[in-house]
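K.L.:
Starting off with a structure, shown below.
Please treat every number below as a calculation from the coordinates, not as lab data. Computed from a prediction, not measured in an experiment: that's the story for all the values here. Positions of Cβ are generated from backbone atoms using ideal geometry, with glycine treated the same way; all protein chains shown enter the neighbour counts.
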Amino acid sequence: GESVGLHLPTLSVQEGDNSIINCAYSNSASDYFIWYKQESGKGPQFIIDIRSNMDKRQGQRVTVLLNKTVKHLSLQIAATQPGDSAVYFCAENQAGTALIFGKGTTLSVSS
Amino acid sequence: DAMVIQNPRYQVTQFGKPVTLSCSQTLNHNVMYWYQQKSSQAPKLLFHYYDKDFNNEADTPDNFQSRRPNTSFCFLDIRSPGLGDAAMYLCATTREAGGGTEAFFGQGTRLTVV
């Protein structure tokens, strides 16, 4: 079946570096994408979203890029902080269907 | 203020003993979802309610049932929990179904089966 997935299960960075977390999706009908952050023992927390009619969206310290040609989604975190350490999931949400998650990338930030 | 509230945060149940997890929301959202998340894995959708309309995922075991008595509350019933059902159970809501509406999650209920 079609699904949303992530390229790397883990990513380790130094505090202050920029982090890039990648996600590949296979369903060309997907029209809405979300990045979630999940800390240990907690529910997923919304970070940023993007619709399929956009290729870039910026938030505070975060940027999401969408490349529909290659079905690729990325999350960029500027000046990564220890508090950014968590598991990051991309998810897709298309009209009439429920939110489907990819496998997750664990981001570890060292001081 | 919490908008999606799950109770309890931690639940221990005996093998085969029915257990109910609860979720409430203050957002007045139409759609409520239940996800199962096992260690180091992505949340897996079990089912969702669009208003009173129940939508079961094809691979959700019959052992899992759900009730939504009103807009604010949704329950997950596990009729005969097995050791493999130990997981974090997440409840989420969206204003509408799919197509660009943010999902709000509760903090989850960690289920242990002994």
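K.L.:
On a straight-distance basis, which aspartates and glutamates could pair with A:Lys56 in a cross-link, Cα separation under 19 angstrom, same-chain partners fewer than 8 positions away excluded?
P.N.:
The qualifying aspartates and glutamates are A:Asp31, A:Glu92, B:Glu102.
K.L.:
A:Gln58 versus A:Ser40, label points 7 Å from Cα toward the beta carbon: distance in nm?
P.N.:
3.4 nm
K.L.:
Dipole size in debye (nearest 20) for chain B around its Cα centre, Lys and Arg Cβ +1, Asp and Glu Cβ -1?
P.N.:
The calculation lands at about 340 debye.
K.L.:
Please report the relative contact order for chain B, taking Cα pairs under 8 Å with a sequence separation of at least 6, and give it as a percent rounded to a whole number.
P.N.:
Here the relative contact order equals 38 percent.
K.L.:
Need one number: % antiparallel among DSSP beta bridges in chain B, to the nearest 5.
P.N.:
Within chain B, antiparallel bridges account for around 90 percent of the total.
K.L.:
Please work out how much length the chain gains when fully extended from B:Ile5 to B:Phe75, using 0.36 nm per residue of separation minus the C-alpha to C-alpha distance, in nm with one decimal.
P.N.:
Once the chain is fully extended between B:Ile5 and B:Phe75, it gains 24.0 nm.
K.L.:
How far apart, in nm, are the 7 Å Cα→Cβ label points at A:Thr10 and A:Gln81?
P.N.:
About 2.5 nm, to one decimal.
K.L.:
On to the next question. Residue farthest toward the positive end of the dipole of region B:15-114, with Cβ of Lys/Arg at +1 and Asp/Glu at -1: which of B:Val113, B:Tyr49, B:His29?
P.N.:
Farthest towards the positive end: B:Val113.
K.L.:
For Cα pairs less than 8 Å apart in space and 6+ apart in sequence, what is the mean separation divided by the residue count of chain A, i.e. the relative contact order in percent?
P.N.:
Once normalised by length, the contact order is 38 percent.
K.L.:
How high is the FRET efficiency from B:Asp51 to B:Arg110, r the C-beta distance, R0 25 Å, rounded to 0.05?
P.N.:
Rounded to the nearest 0.05, the efficiency is 0.30.
K.L.:
Is there a simple number for the mean count of other chain Cβ atoms within 10 Å of the Cβ of residues in B:35-45, and what is it?
P.N.:
5
K.L.:
Determine the alpha carbon to alpha carbon distance for each of A:Lys37/B:Lys52; A:Lys42/A:Lys68; A:Lys103/B:Lys17; A:Lys42/B:Lys38 and list only those over 23 Å.
P.N.:
A:Lys37/B:Lys52; A:Lys42/A:Lys68; A:Lys103/B:Lys17
K.L.:
With charges set only on the Cβ (+1 for Lys and Arg, -1 for Asp and Glu), what does the dipole of chain A come to about its Cα centre, in debye to the nearest 20?
P.N.:
Here the size comes out at about 140 debye.
K.L.:
Could you please state, rounded to a whole Å, how far the C-alpha centre of region A:70-103 is from the C-alpha centre of region B:15-87?
P.N.:
23 Å
K.L.:
Let me ask you something else. When N is the residue count of chain B, what does its C-alpha Rg come to as a fraction of 2.2 N^0.38 Å?
P.N.:
In units of the 2.2 N^0.38 Å rule of thumb, it is 0.99.
K.L.:
What distance in nm lies between label points placed 7 Å from Cα along the C-beta direction at B:Val12 and B:Glu96?
P.N.:
Placing both labels 7 Å along Cα→Cβ, they lie 4.6 nm apart.
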